[in-house]
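**Q** Here it is: the structure, laid out below.
The values are calculated or read from the model by the stated rules, or taken from the named source; none is laboratory data. Quick caveat, the model's predicted, so the values are computed rather than measured. Here the Cβ positions follow ideal geometry from the backbone for every residue, glycine too, while neighbour counts run over all protein chains shown.
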Amino acid sequence: MANFRNIAFVGHGDSGKTSFTEQILFKTGATNRLGEVESGSSVCDAEPDEKERKNSIDCAIVHAQAKDCLFNIFDAPGYPDFIAEAISALCAADSAVLFINAASGIMINTRKMWDKIKHYNLPCAIVINKIDMENLKLPEVFASVRETFGENCIPVILPNATGSALKETVNIMDAEPDKLSAELKQQRDKMVEASVEVDDQLLNKYLDGKEITKDELASALRKAFLKGKVIPIFCVSAKKGIGIDEFLGFAAKYFPSPNDLEAKTGVNPSKPEELLERKSGDSEPFSSFVFKCVSDPFVGKIVYMRILSGVLTPDLALFNSRTQKTQKLPKLFKPFGKDLRAVDKVGSGDIVAVTKIEEMSISDTFSLPANPIKYPVIEFPHPMASLAIEPKSKSDEQRLSVSLAKMTDSDPTFKILRDRQTNELVISGISTLHLDVVMGRLKQRYDVHVTTKQPKIAYKETINIKAEGQYKHKKQTGGRGQYGEVYLRIEPTPRGEGFKFNNEIFGGSIPNQYVPAIEKGVRGILERGVIAGYPVVDVCVTVYDGSFHVVDSSEAAFKIAGSKAFQIAFKNARPTLIEPVVNIEITIPSKFMGDITGDLTSRRGRITGMDTIAGQQVIKATVPLAEVSKYSTELRSITGGEGHYAMEFSHYDIVPGKTQETIVANAKIAAEEEE
C-alpha cells in the first residue's frame, strides 16, 4: 500500500490532461499503443459523445505500474460544466496535479480547480503542458503562475528549449548541481530553500553553509510538498511525450502515498456526535466510501469506491451507514477507463469498482458491522440551468422516468422535479451544455426522445380587497329546468394561508345539501384561475345568501352558480398576480462587482448583503424567478465564465402592474390559440 500514488489530474479544458495520461499508459506498458484524443482512440475518452466532442465529460480512472509504484490516475474533465466529475476525483485522490496550457495560460477552470484543491487540502503540483509550441515565453508563464498561486510555485522539471527545438527535460533536484546551468542552479536553490524550511535542524544546517545530503533533501522536499509549502512545476509536452518519465520519477519519490496522510475522520452512524478516526493500513478495520457511480445500459450500475482502511474481499459483509443494511459484493474490479478488470481483493488506499448493486449511491460509507463509521458526504454545486421536457411518444413516456432516475444516480448535479402547479417535468443541471450532454445520453443510451423548452414560471392569482359577487343560474328546457342563486363574499387572507370556505347561510335560503356543490364550483375556478389561468391562492370565500327552486334546483345548478359568483367577486376585488421570488447568492471576482449589482437592479432584484470569501465577492439578493430563469448563460456572458451562483425559493410577491399586464395579455392569446 505504501507504493500507491492516487493522483487527480485537473485543470481547464485543452490543457492536455488526457493526452498526458495516455502517454503515461503507453510509456509504462499499460497500453500497447498510444491513445489519441483527436483520433478517438483514447482510453480515457471512451464514450461516443467524448469522441465526438474531442473533450472529456466523465472522469476516467486508469492505473499504471512505474518506478516501483502503482499509479491510480483520475483524468477529470476540464470544463466547469462537468465539475462534479472533478470534485469526485479530488475526493478520492491523495494529491492533485493542476494542468495549464502554456499558450493559453491560466483560465477560468484553472482557478476553480485550484480553489477546490485548497478546499480539500490536497498536496498540489502544476504541469505546464504544450511547451513545444512556437514563440512561447516560459518565464512569463512562470511569473503568471507565481502571481496567481503563490511564490512557492517553483519549477522542478525544466526543458532544454521550447518550440521545435525542444528535445528533453531535466529534473533539477536529481541532477548534479555542478552540471546545471546558472539559471537552472538558481531554480534548484529556490527549491532547496523552500524545502528545508519545514525542518528546523535542516534549516540551521543550510544557513550555516553545511552540506545537506541527497537523502536529507529528498525527505525535506517530500514533507514540504505534503504540507503545501512547495508546489513543484513540471514543464512537459504531452504531444511529444517529453517530460513523462521525469514526472513519474518525481511523483514516485515525492508524492504522498496513503500511508503519509492523516487518519480520516468520521462519525459513529448510531451516535453522530461521536467522532471516529480510521488510519490507512491493511491491518486496520475495513472502511471505504463511494465517490462515483455510472449507469451503463449493458452492465447496469457501476460503483467506484476508495478503500480508506483494511482489505476488501468478495466474501466480506459490509455495513452501509446510509441504508443501515449489510451486504456482500459479488465481484471486485480494477477500473481501467471503460474496462473493468476482475481482482480477488483490494488493499487499503486502492480504488475498486463493483457492479449490480443497486442500493449504493455517491457518498455512501461502507465498513464492518462490528466497527461502523460514516464519512462526510461529498458536497457538489447546486444546479443552475433548467429545462422542461416532454416525451415525444408513448413509448418514450414509458421509459423516461426510469432512464432519468438512472442518470440522476450517476450525476449528483443533475436533478429532476415534477412541478405540481405547471405540471411540467423540469430537469436541472450546471449549465445548458451540461443539460445538452444529458439529453444526448438519454437518447443514445436509453433510446428516449424528448422535446425541451423553458420551464413555465409558477405565477399565482390572488386579491387585494374584500368584494362580493352574485349569480343566478336559471335555465328552462322542455323538461326539468336548472335553478340556483348564490351570494358570496371574498376577502384576502395572509400570504401562504391558502383557501378558506365559510357557510353563513341563515333561514334556509339555500338548503345545506347544495352548499358542498357551491364549494366544489369555487374550487374548480381556484385550479384554473380567473384573470390569466393561474391557480388562485390566499382567498377566503363566504357564502351568505341565495335562493333555490323546489323542483329545478340541483347540485349541478349550484355548482355553476357558485363558480360564476366567485369569478364576479374576484374581478371586483382588485385581482393581482403574485410571482415566486428567490434568494440568490452570486460569487464573482471583485472586478465584476459593479456589472453584477447593476444587472441585478435591472432584473428587479434587491441586494440584501455582500461579503468577501477567499478573495471573491459574494453578493446576496432577492430577485423574481422570472428574471433569472436563464441566469446561468447570462452570468457566464457577463463574467466570462468566472462567476457562479446558487438560489433557493424565498417567497411570493406581487407582480408589478406593467409586467402583470403583459403576462395577462399573453395568457389570453395562448388561451385563444388553444380554443
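**Q** Any chance you could count how many residues in segment 590-616 are surrounded by 15 or more Cβ atoms within 10 Å (Cβ to Cβ) and either over 26 Å from residue 654 (Cβ atoms) or not small (Gly, Ala, Ser) (or both)? Before the answer, list the steps.
**A** Of the residues in segment 590-616, the ones surrounded by 15 or more Cβ atoms within 10 Å (Cβ to Cβ) are 592, 596-597, 599-600, 603-605, 616.
Next, from what is left, pick out any that are either over 26 Å from residue 654 (Cβ atoms) or not small (Gly, Ala, Ser) (or both): 592, 596-597, 599-600, 603-604, 616.
Of the residues in that region, 8 qualify.
**Q** Every residue in segment 419-454 that is part of a strand (DSSP E or B) and either of a type in the set (Gly, Ala, Ser) or farther than 17 Å from residue 81 by Cα (or both), please.
**A** 419, 424, 425, 426, 428, 429, 450, 451, 452, 453 - these are the residues of segment 419-454 that are part of a strand (DSSP E or B) and either of a type in the set (Gly, Ala, Ser) or farther than 17 Å from residue 81 by Cα (or both).
**Q** Please specify each residue of segment 555-581 satisfying the condition of being assigned to a loop (DSSP other than H, G, I, E, B) and buried (at least 19 other Cβ atoms within 10 Å of the Cβ).
**A** First pass over segment 555-581, keeping only residues assigned to a loop (DSSP other than H, G, I, E, B): 573-575.
Passing the criteria: 573, 575.
**Q** Of the conditions (1) over 39 Å from the mean Cα position of the chain (by Cα); (2) free of Cβ contacts under 8 Å to residues at least 60 places away in the same chain; (3) surrounded by fewer than 15 Cβ atoms within 10 Å (Cβ to Cβ); (4) within 30 Å of residue 34 (Cα to Cα), residue 209 clears all except one; give me its number.
**A** In the conditions (1) over 39 Å from the mean Cα position of the chain (by Cα); (2) free of Cβ contacts under 8 Å to residues at least 60 places away in the same chain; (3) surrounded by fewer than 15 Cβ atoms within 10 Å (Cβ to Cβ); (4) within 30 Å of residue 34 (Cα to Cα), residue 209 misses (4) alone.
**Q** Residue 103: in contact (Cβ under 8 Å) with a residue 12 or more places away in the chain, part of a loop (DSSP other than H, G, I, E, B) and not acidic (Asp, Glu), yes or no?
**A** yes
**Q** Exactly one of (1) in the same structural domain as residue 235 (by TED's automatic domain parsing); (2) surrounded by 12 or more Cβ atoms within 10 Å (Cβ to Cβ) is unmet by residue 195. Its number?
**A** Of everything listed in (1) in the same structural domain as residue 235 (by TED's automatic domain parsing); (2) surrounded by 12 or more Cβ atoms within 10 Å (Cβ to Cβ), residue 195 misses just condition (1).
**Q** If you don't mind, there's one more thing I want to ask. Out of curiosity, is residue 632 crowded, with 19+ Cβ neighbours inside 10 Å and either touching a helix residue (DSSP H, G or I) at 6+ places or on another chain (Cβ under 7 Å) or not in a strand (DSSP E or B) (or both)?
**A** Against the criterion (crowded, with 19+ Cβ neighbours inside 10 Å and either touching a helix residue (DSSP H, G or I) at 6+ places or on another chain (Cβ under 7 Å) or not in a strand (DSSP E or B) (or both)), residue 632 qualifies.
**Q** Report yes if residue 469 is over 34 Å from the mean Cα position of the chain (by Cα) and surrounded by 15 or more Cβ atoms within 10 Å (Cβ to Cβ), otherwise no.
**A** yes
**Q** Give 126, 73 a once-over and let me know the one that is under 20 Å from residue 188 (Cα atoms), modelled with pLDDT of 90 or more and crowded, with 21+ Cβ neighbours inside 10 Å.
**A** 126
**Q** Which one of these is closer than 27 Å to residue 303 by Cα, surrounded by fewer than 16 Cβ atoms within 10 Å (Cβ to Cβ) and more than 18 Å from the chain's Cα centre (by Cα): 454, 398, 476, 421?
**A** 398
**Q** Quick check: is even one residue across segment 642-655 on the phi < 0 side of the Ramachandran plot and in a helix (DSSP H, G or I)?
**A** no
Table: residues versus (1) within 27 Å of the chain's Cα centre (by Cα); (2) within 30 Å of residue 547 (Cα to Cα); (3) modelled with pLDDT of 90 or more.
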| position | (1), (2), (3) |
| --- | --- |
| 560 | no, yes, yes |
| 567 | no, yes, yes |
| 588 | yes, no, no |
| 600 | yes, no, yes |
| 604 | no, no, yes |
| 616 | yes, no, no |
| 619 | yes, no, yes |
| 624 | yes, no, yes |
| 632 | yes, no, no |
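Condition check ((1) part of a strand (DSSP E or B); (2) modelled with pLDDT under 95) across all residues:
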{"position": "305", "(1), (2)": "yes, no"}
{"position": "308", "(1), (2)": "yes, no"}
{"position": "326", "(1), (2)": "yes, yes"}
{"position": "330", "(1), (2)": "no, yes"}
{"position": "334", "(1), (2)": "yes, no"}
{"position": "352", "(1), (2)": "yes, no"}
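**Q** Could you say which residue among 265, 326 is touching a residue at least 12 places away in the same chain (Cβ under 8 Å), surrounded by fewer than 20 Cβ atoms within 10 Å (Cβ to Cβ) and in contact with a Pro (Cβ under 6 Å, 6 or more places away or on another chain)?
**A** 326
**Q** Continuing with this model, one more query. Just one of (1) under 27 Å from residue 570 (Cβ atoms); (2) part of a loop (DSSP other than H, G, I, E, B) trips up residue 480, so point out which.
**A** Here residue 480 clears every test but (1).
**Q** Quick one: which residue in 527, 491, 461, 519 is free of Cβ contacts under 8 Å to residues at least 24 places away in the same chain and either under 30 Å from residue 422 (Cβ atoms) or not in a loop (DSSP other than H, G, I, E, B) (or both)?
**A** Result of the check over 527, 491, 461, 519: 527.
**Q** Just to confirm my filter: which strands (runs of 3 or more DSSP E) fall fully inside segment 1-78 and include at least 1 residues that are under 25 Å from residue 305 (Cβ atoms) and of a type in the set (Asp, Glu)?
**A** 69-75
To keep it simple, each residue is scored yes or no on (1) surrounded by fewer than 21 Cβ atoms within 10 Å (Cβ to Cβ); (2) over 30 Å from residue 183 (Cα atoms); (3) at pLDDT below 95.
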{"site": "59", "(1), (2), (3)": "no, yes, no"}
{"site": "62", "(1), (2), (3)": "no, yes, no"}
{"site": "68", "(1), (2), (3)": "yes, yes, yes"}
{"site": "96", "(1), (2), (3)": "no, no, no"}
{"site": "111", "(1), (2), (3)": "yes, no, yes"}
{"site": "142", "(1), (2), (3)": "yes, no, yes"}
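**Q** Return only the number of the condition from (1) in a helix (DSSP H, G or I); (2) modelled with pLDDT of 95 or more; (3) β-branched (Val, Ile, Thr) that residue 83 does not satisfy.
**A** The number of the failed condition is (2).
**Q** Criterion first (in contact with a Pro (Cβ under 7 Å, 6 or more places away or on another chain) and either in a helix (DSSP H, G or I) or crowded, with 16+ Cβ neighbours inside 10 Å (or both)) does residue 247 satisfy it?
**A** It is false that residue 247 is in contact with a Pro (Cβ under 7 Å, 6 or more places away or on another chain) and either in a helix (DSSP H, G or I) or crowded, with 16+ Cβ neighbours inside 10 Å (or both).
Residues checked against (1) more than 17 Å from residue 232 (Cα to Cα); (2) assigned to a loop (DSSP other than H, G, I, E, B):
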{"position": "118", "(1), (2)": "no, no"}
{"position": "125", "(1), (2)": "no, no"}
{"position": "128", "(1), (2)": "no, no"}
{"position": "146", "(1), (2)": "no, no"}
{"position": "198", "(1), (2)": "no, yes"}
{"position": "204", "(1), (2)": "yes, no"}
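**Q** Any residue that is free of Cβ contacts under 8 Å to residues at least 12 places away in the same chain and touching a strand residue (DSSP E or B) at 6+ places or on another chain (Cβ under 7 Å) - is there at least one of those in segment 140-158?
**A** Yes, there is a match, as at least one residue in segment 140-158 is free of Cβ contacts under 8 Å to residues at least 12 places away in the same chain and touching a strand residue (DSSP E or B) at 6+ places or on another chain (Cβ under 7 Å).
**Q** Something else: Conditions: (1) surrounded by 14 or more Cβ atoms within 10 Å (Cβ to Cβ); (2) in contact with an Asp or Glu (Cβ under 8 Å, 6 or more places away or on another chain); (3) of a type in the set (Ser, Thr, Tyr); (4) within 30 Å of residue 407 (Cβ to Cβ). Residue 288 meets all but one. Number of the miss?
**A** (2)
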